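The values are calculated or read from the model by the stated rules, or taken from the named source; none is laboratory data. Since the model is a prediction, treat every value here as computed from it, not as a measurement. We place every Cβ from the backbone using ideal geometry, glycine too, and count neighbours over all the protein chains shown.
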Ligand SMILES: C[S@@+](CC[C@H](N)C(=O)[O-])C[C@H]1O[C@@H](n2cnc3c(N)ncnc32)[C@H](O)[C@@H]1O
């Protein structure tokens, strides 16, 4: 399915369609909200329903419902088979009540919060939240609100913990786990099921913990769970008790820097010397489009919550004497930072090498970084002609004819299995330096054959000290000009015969030729890896 256009801004796209799509983004949500509110997807189980059957149950007009179902079909949530409307695999897995991975409660919580987004301008003026729950809220309303909130958290945490567990599989976790701001307890429950030698303490506010207990009752883990009513903003009532594992999942975005500093300090103090701290949350570096909007969501809906940069969190951890990993992305919109008093503990984590490298490289400031199979790198003879006929830099050091020919590049690619395609922008020299840094990161991550191609003629020295006309010296192979920066200089993708447009297209990214209207220049670099 095509990604929804408003999720990805392309600076080379000058059509107004992007604005139109942004304008209507809420239509997509409204359709989903209504379908989930009606519990339409559960109704369609097990084998679909006809238009008339659905209209009868929902008590709505058939012709209007038909139009609504068409929209759901287009969004990929419903499909039509003869006269039956059925759930797609996505809807069947996440939108049918009673399924383990049901997300309906989370979607309805988002619907509830959507109404507060109307306050955005007022929040910006006031510098924070403007609508608050009533000071004297009816206890039943409060209890129902907490329950709805925890059901929403539960939907999400059940899925996130399954993404997280494979990373700690190599460490036979045992002893005591502390889940701070445990919510429904789904995170802790996932760990308890996977590691039978663990027991857990679930810490949350007293009135929330009553609901936590209710969620945990159905999980058959009662004999391995204790509950600790506490306020994380105060000294944690643990005395000198230390834990082997501490989880802060979706907690730090709830508070401002001062409170989060306190929470991290308390967690560091409560950790065994060989313990592991797991911080799961939104981070600005991971999935930035979502992170910055979630940050606004916190501005509107919490007192002083916000989304943190992983750099800020890691610095805090460092100041508390903890080593930490970089941000490890989950397959979804959140990421994890692992921290420990002893660096060795982190060595045992089964962290995907590519994911770690990607996290480091994205932090260098590329707009995009994407792994592609080496077969997706397209090398063409015509590219060399473009350099030879039509480029002022032909003959410059590290450009044709002193850069690898298409034939040589094709041969070299046989030594590699994958590549990392990097998207950035001018100034060219800055981009080239970043590509070099990325190559260095890849080397340090263990990709010893990492080799970078950047964009444009070499711009490391300005002006280039190698005289174009005279005084040309050749290296042992006799092809490359000797330059004072030979250790750092690399060929450009295009200079090595790589068809950048086609390679970018194959990677699922976009690159347009420049026109009067569209003057935004994109640079692409490539790092070959094995
Ligand atoms: C966004 S939820 C996350 C729940 C759970 N960790 C998860 O990942 O699903 C934040 C949790 O932190 C708890 N919490 C917030 N402020 C707290 C405080 N001051 N003391 C204790 N718990 C708190 C909330 O009650 C809620 O259960």
Notebook entry, point to check: If only one of 156, 168, 180 is surrounded by 20 or more Cβ atoms within 10 Å (Cβ to Cβ) and modelled with pLDDT under 95, which one is it?
Noted result: 168
Note to self: Which condition from (1) away from the ligand (no atom under 16 Å from the Cβ); (2) closer than 28 Å to residue 234 by Cα; (3) touching a residue at least 12 places away in the same chain (Cβ under 8 Å); (4) not in a strand (DSSP E or B) is the one that residue 176 breaks?
What the structure shows: (4)
Check: Which is surrounded by 15 or more Cβ atoms within 10 Å (Cβ to Cβ), within 15 Å of the ligand (Cβ to nearest atom) and not in a helix (DSSP H, G or I), of 276, 228?
Finding: 228
Margin query: Against the condition within 24 Å of the chain's Cα centre (by Cα), assigned to a helix (DSSP H, G or I), free of Cβ contacts under 8 Å to residues at least 24 places away in the same chain and surrounded by 13 or more Cβ atoms within 10 Å (Cβ to Cβ), how does residue 93 come out, does it pass?
Written below: yes
Note to self: What's the total number of residues in the range 96-119 that are surrounded by fewer than 15 Cβ atoms within 10 Å (Cβ to Cβ) and without any contact (Cβ under 8 Å) to a residue 12 or more places away in the chain?
What the structure shows: 2
Notebook entry, point to check: Does the range 184-201 hold any residues that are within 16 Å of the ligand (Cβ to nearest atom) and part of a strand (DSSP E or B), and which are they?
Noted result: 200, 201
Item checked: Residue in the range 296-309 that is nearest to residue 360 (Cα to Cα), counting only those that are touching a strand residue (DSSP E or B) at 6+ places or on another chain (Cβ under 9 Å) and touching a residue at least 40 places away in the same chain (Cβ under 8 Å) -> 308
Note to self: Looking only at residues that are within 17 Å of residue 111 (Cβ to Cβ) and without any contact (Cβ under 8 Å) to a residue 40 or more places away in the chain in the range 139-156, which one is farthest from the ligand (Cβ to nearest atom)?
What the structure shows: 144
Check: Is it the case that the range 120-127 has a residue that's closer than 18 Å to residue 28 by Cα, surrounded by 13 or more Cβ atoms within 10 Å (Cβ to Cβ), more than 16 Å from the ligand (Cβ to nearest atom) and touching a residue at least 24 places away in the same chain (Cβ under 8 Å)?
Finding: no
